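Working notes for the structure below.
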Amino acid sequence: MDEKKERLKQKYNEYVKEVTPTHNLWLNMLKAFITGGIICCIGQFILNTCQNYGLDKDTSGSWCSLILILLSVVLTGFNLYPSIANWGGAGALVPITGFANGVAAPAIEFQKEGQVFGIGCKIFTIAGPVILYGIFSSWCLGLIYWILKLLGMV
């Protein structure tokens, strides 16, 4: 009986090794760096262009964010952003463009289910946890800061 269990366990471990994808960490980091760098360069180009047209730094930053979000949503609509994210990994998912993609993708996918039960209910399926944990971690850090301020440490 124990011999049979050992054989099954060995077969299972072989199966897991067979189906588990292998990743090259250094290549993935390079791809993420390149992708994120290109997104940041596009953002810097937009920022510089807005400032060259006479906008102040804050207004230029707002326009930069809006245009990057628009580009991300348009690329998501044409089903191009998922390919960029597949290739670039975290480099495409971490900036504001990745968040915009995370909101736009479910909205596009579930639009066939209607405005309320499709888009309205499913739009934050990907971005919802990001918002939740972002707000929660901000609250925790704010609480820590407030306590340190009360103690005179900050």
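See the values below:
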item	result
Quarter of Cα convex hull surface for region 78-154, i.e. mean projection, nm²	6.9
FRET efficiency, ILE38 to ASN13 (Cβ-Cβ, R0 35 Å, nearest 0.05)	0.30
Max mean-square fluctuation residue, GNM over the chain, Cα-Cα springs under 10 Å, options ASN13, ASN86, ASN52	ASN13
Stokes-Einstein D in µm²/s, Kirkwood radius over Cα pairs - region 1-40 at 10 °C with 1.306 mPa s viscosity	121
Per residue Cα convex hull volume in Å³ - calculated over the chain	268
Farthest toward positive dipole pole in region 24-123 [+1 Lys/Arg, -1 Asp/Glu at C-beta], among ILE96, LEU25, ILE38	LEU25
Most mobile listed residue (LEU143, LEU68, LEU93) in the chain, GNM with C-alpha springs under 10 Å	LEU143
Highest-MSF residue in the chain out of VAL103, VAL74, VAL116 [GNM, Cα springs under 10 Å]	VAL116
Cβ-placed point charges (K, R +1; D, E -1), dipole of the chain about Cα centre in debye, nearest 20	280
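Laboratory data are not the source of any read-out in this text; all were calculated from the coordinates shown. Everything numeric here is computed off the predicted structure, so don't read it as measured data. As a convention, Cβ positions derive from the backbone with ideal geometry for all residues, glycine included, and neighbour counts pool all protein chains shown.
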